[in-house]
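Novice: Mind looking over this structure? Questions follow.
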Ligand SMILES: Nc1ncnc2c1ncn2[C@@H]1O[C@H](COP(=O)(O)OP(=O)(O)OP(=O)(O)O)[C@@H](O)[C@H]1O
Ligand SMILES: [Mg+2]
């Protein structure tokens, strides 16, 4: 019997398509580390995010394809991931952060902080390195939702004094809530908001992170505007509820991001519809989302365990890991990660095409 060659293995794997990137996994360069030992094969498939929604499917397909090769008796497929980045990750401001995900809503109280917290934890649970920044200077709620409230330590570095982020549920976190005195009402004026938010990004030792999730203030006010201008946001997640009004306002926020910068459009990763259920009725979100050409990232049911987990600082993903809400958040995290991979991929491709 002839020896199996690396080329044969690659040719066999070419039938497997990445459904989001619309290329085969060999062309995409995902196949690494082919090991051939007699009739035993081992390959590593390196995806663009550990939160890949089709990770299990790709693994099963690869195993089936390789097992089907003549002369093969045993197959081992290992799945790994290296999160991609692009020029949007600002080298100066946050050098180690590969992707900045801004969570925004037009309207307050729709569940922006809830989604930010669960998105961050769900991404971290896939193995990604994740930071969470509460930039909602009007009502920082991440400390409570993450069950952490202490003064962060500072550290003197060659670049100056830096803040060491806190950590909870596998996520690094920072909030203005950790720094301001809750007894003293803060009146924020425009320029103060800008510099406070900028400091929260640049003066914190984020280190190397695959994803930094930012909970923006509601609406299209100063802090959102400043953030969107100073931070190279990789993509925006819009949160809305099934109510028409909330959706219309969310679309206004989306337009703000898209028209904000002269140099580049900030991509909208998609829309999360939160608090779904009989209370507000369901369904209208899908149509609106499609109408505006935005990806629908998922629906989160209205559920007591979501609000209770938020109040207790023990998010639903951990307290009720098998609940519909926890499932919804895991799926949303996968969709968000996949959306970022698609953006990076299409930018890399378009930069290869001569103008
Ligand atoms: N799916 C859900 N089911 C039940 N309760 C929810 C759900 N999502 C959010 N909540 C609750 O609704 C309230 C508002 O949510 P949250 O604080 O996340 O909204 P927000 O958009 O960040 O609000 P704000 O504009 O004040 O920052 C919270 O008490 C939260 O626990
Ligand atoms: Mg909030």
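Computed from the coordinates by the stated procedures, all read-outs in this text should not be read as laboratory data. Note that the coordinates shown come from a computational prediction; the quantities given were computed from them, not determined experimentally. As a convention, Cβ positions derive from the backbone with ideal geometry for all residues, glycine included, and neighbour counts pool all protein chains shown.
Novice: Could you give the angle, 0 to 90 degrees to the nearest 10, between helix 190-202's Cα long axis and the longest principal axis of the Cα atoms of the chain?
Specialist: Value to nearest ten degrees: 40.
Novice: Separate question: For labels at residue 67 and residue 10 in the simple 7 Å Cα→Cβ model, what's the distance in nm?
Specialist: 2.6 nm
Novice: Once the Cα atoms of helix 112-125 and of the chain are each reduced to a long axis, what angle between those two axes, in degrees from 0 to 90 to the nearest 10, is obtained?
Specialist: Here the helix axis deviates by roughly 30 degrees.
Novice: OK, next. Suppose we keep just the DSSP beta bridges with both residues in the stretch 6-81; what percent of those would be antiparallel, to 5?
Specialist: Numbers: 7 of 15 bridges.
If I count the DSSP bridges inside the stretch 6-81, around 45 percent turn out antiparallel.
Novice: Rounded to the nearest 5, what is the percent of antiparallel bridges among the DSSP beta bridges in the chain?
Specialist: In the chain, DSSP labels about 25 percent of beta bridges as antiparallel.
Novice: Turning to a different aspect of this structure: List 166, 318 from most exposed to least, where exposure is judged by having the fewest other Cβ atoms within 10 Å.
Specialist: Ascending Cβ contact count within 10 Å gives the list 318, 166.
Novice: Still on this structure, please answer the following. State, to one decimal in nm, how far the label point of residue 312 lies from the label point of residue 22, with both points 7 Å from Cα in the Cβ direction.
Specialist: Using points 7 Å along Cα→Cβ, the separation is 4.6 nm.
Novice: Which whole-number percent is the relative contact order of the stretch 6-81 (Cα, under 8 Å, 6+ apart)?
Specialist: Computed over the stretch 6-81, the figure is 32 percent.
Novice: Please identify, among 133, 269, 255, the residue showing maximal mean-square fluctuation in a Gaussian network model of the chain using a 10 angstrom Cα cutoff.
Specialist: The residue with the greatest mean-square fluctuation here is 255.
Novice: Helix 244-260 versus the longest principal axis of the chain: what angle, 0 to 90°, nearest 10, using Cα atoms?
Specialist: 80 degrees
Novice: Would you mind telling me which residue in 38, 139, 108 has the biggest mean-square fluctuation in a Gaussian network model of the chain, where springs connect alpha carbons within a distance under 10 angstrom?
Specialist: It is 38.
Novice: Among 349, 273, 305, rank each residue by its count of other Cβ atoms within 10 Å, from fewest to most, as a rough exposure measure.
Specialist: 349, 305, 273
Novice: Quick one: compute the contact order of the chain, relative version, from alpha carbon pairs under 8 angstrom and 6+ residues apart, as a percent.
Specialist: Details: 680 pairs, mean separation 68.4, N = 355.
RCO, the chain: 19 percent.
Novice: Please report 249, 34, 180 as a ranked list, fewest other C-beta atoms within 10 angstrom at the top and most at the bottom. Could the numbers behind the result be given before it?
Specialist: Numbers: 249 21, 34 18, 180 14.
The fewest-first ordering by Cβ neighbours comes to 180, 34, 249.
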